[in-house]
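Undergrad: This is the structure, below, for whatever I ask next.
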Amino acid sequence: MYPIMHREEMSGGTVVLNEIHAPQIAARAKPGQFVILKANETGERIPLTMADTNPGSGTITVIYQVVGASTRLFKTLAVGQGYDDIIGPLGKPTRIEKAGTVLCVGGGTGVAVLHPITRAFKQAGNRVIGIIGARTRGLLILEDRMAAATDELHVCTDDGTYGHHGFVTDVLKTILARETVNQAVAIGPVPMMKFVCAITREAGVPTLVSLNPIMVDGTGMCGGCRVSVGGENRFACVDGPEFDGHKVDFDQLMQRLGAYRAEEAAIGAEHACKIGR
């Protein structure tokens, strides 16, 4: 078992942080990599990119949004309890180098993935500008940690309850108009990453994105996580999860994600009908 050492609920309990004792993974993990967790023997395998690691204490930190049966099961786990299985670190780590000025853009729970990458770019000697956003103030996460990891942090909310009233792309355009940016990273909802990349492509700024398609085994065998990058099929679990955002076919990715969600809804409706009979 991999015990939970610290647990924290965010965004009114819809987002949960778990700090988990997994010393072998913590010793090897790098920013951008992910793990696959299973709560119990019959549980579903869920991939989550690590929000932090601490080799000294042997812990890894994951942050997840409660959206389905498996994450609801995760939420029931208290400090002292834990996960039956964790596999990792998986995927390729972020290529961190001294580029100059790096712009890190995150939305929703994507900020959890963005945080260690932002910190690593800062530690590499870059000037780092951060932009984080959420629908409303109560859904913002890790603002303090992102502030500590950046030279300049901008916060946005769609409804204007905190920070800039509007989208992260509004602030992105302002920053690109005022100065030269050498590298960008965008992590969050697929539409957000798509629009960020459209803007940075026009500005000629190389942009990394972290993708989270449906994933089963994490070894490239199932093919569920395939994405089109530069006209070629790539597997997010072994070739990613990070890719050149200017080459990703975001429309195809959204279609595939939508197809899975439609299938899940159909299965759920069929199950409900059977129960009602």
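Undergrad: When only DSSP loop residues count, what GluC sites (Glu not before Pro) in region 152-229 have their Cβ near at most 12 other Cβ atoms within 10 Å?
TA: Details: sites: Glu152, Glu179, Glu202; in loops: Glu179.
Here the sparse-neighbourhood loop sites are Glu179.
Undergrad: Follow-up question, since we're still on this one. How much net charge surrounds Leu140 when only other residues with a Cβ under 13 Å from its Cβ are counted (Lys, Arg +1; Asp, Glu -1)?
TA: Details: positive: Arg135, Arg137, Arg145; negative: Glu143, Asp144, Asp158, Asp159.
It works out to a net charge of -1.
Undergrad: What is the distance, in nm, between label points placed 7 Å from the Cα along the Cα-to-Cβ direction at Asp158 and at Glu202?
TA: Rounded to a tenth, the inter-label distance reads 2.2 nm.
Undergrad: With springs only between Cα atoms under 10 Å, which of Ala69, Ala134, Ala184 fluctuates most in a Gaussian network model of the chain?
TA: Top of the fluctuation ranking is Ala69.
Undergrad: When a footprinting reagent is the concern and you count Cβ atoms within 10 Å, what order do Met5, Met254 take, fewest first?
TA: Met254, Met5
Undergrad: Once amide H atoms are built 1.01 Å from N in the peptide plane, which residues 5 or more positions from His164, or in another chain, come under 5 Å H to H?
TA: Amide H neighbours of His164: Val155, Cys156, Thr157.
Undergrad: Which of the lysines could a cross-linker bridge to Lys38, judged by Cα under 23 Å and excluding same-chain residues fewer than eight apart?
TA: Lys30, Lys75, Lys92
Undergrad: Would you please give the residues with an amide H less than 5 Å from that of Thr94, counting only those at least 5 places away or on a separate chain, with H modeled from the backbone geometry?
TA: For Thr94, the qualifying residues are Gly32, Gln33.
Undergrad: Please say if region 1-137 is rounded, prolate or oblate, where rounded means a/c under 1.5 for a ≥ b ≥ c the square roots of the C-alpha gyration tensor eigenvalues, and otherwise the choice is prolate for a/b larger than b/c and oblate otherwise? Walk me through the numbers before you get to the answer.
TA: Numbers: a/c = 2.21, a/b = 1.43, b/c = 1.54.
Cα axes put region 1-137 in the oblate bin.
Undergrad: Nearest 20 debye, what's the magnitude of the dipole of the chain about its Cα centre given +1 on Lys and Arg Cβ and -1 on Asp and Glu Cβ? Walk me through the numbers on the way to the answer.
TA: Values: 27 positive and 28 negative charges, 34 e Å.
In debye, rounded to 20, the chain gives about 160.
Undergrad: Among 94-103, 77-86, how do they line up by average Cβ neighbours within 10 Å per residue, starting with the highest? Provide the component values of the computation, followed by the final result.
TA: Working: 94-103: 17.5, 77-86: 14.9.
Going by the mean number of other Cβ atoms within 10 Å, highest first, we get 94-103, 77-86.
Undergrad: If you don't mind, there's one more thing I want to ask. Need one number: nm distance between label points at Asp151 and Thr14, each 7 Å from Cα along Cα→Cβ, rounded to one decimal.
TA: 3.5
Undergrad: Okay, moving on. Label Asn233 and Thr174 with points 7 Å out from Cα along Cα→Cβ: what is the distance between them in nm?
TA: 4.4
Undergrad: What is region 57-136's relative contact order, in percent, from Cα pairs under 8 angstrom and six or more apart in sequence?
TA: 30
Undergrad: Using a cut-off of 13 Å between beta-carbons, work out the net charge of the residues near Ile96 (Lys and Arg +1, Asp and Glu -1, Ile96 not included). Intermediate values should be presented prior to the final figure.
TA: On the way: positive: Lys30, Lys92, Arg95, Lys98, Arg119, Lys122; negative: Glu97, Glu242.
With Lys, Arg at +1 and Asp, Glu at -1, the net is +4.
Undergrad: Sum up the charges of everything whose Cβ sits under 15 Å from the Cβ of Cys156, counting Lys and Arg as +1 and Asp and Glu as -1, but leave Cys156 out. Please report the intermediate quantities before stating the final value.
TA: On the way: positive: Arg135, Arg137, Lys173; negative: Glu143, Glu152, Asp158, Asp159, Asp170.
Overall, the nearby charge balance is -2.
Quick note: the coordinates plus some simple rules give every number you see, no bench work behind them. None of the values given here were measured: they were computed from a predicted structure. Quick reminder, even Gly has a Cβ in these numbers, built from the backbone with ideal geometry, and neighbours come from all protein chains shown.
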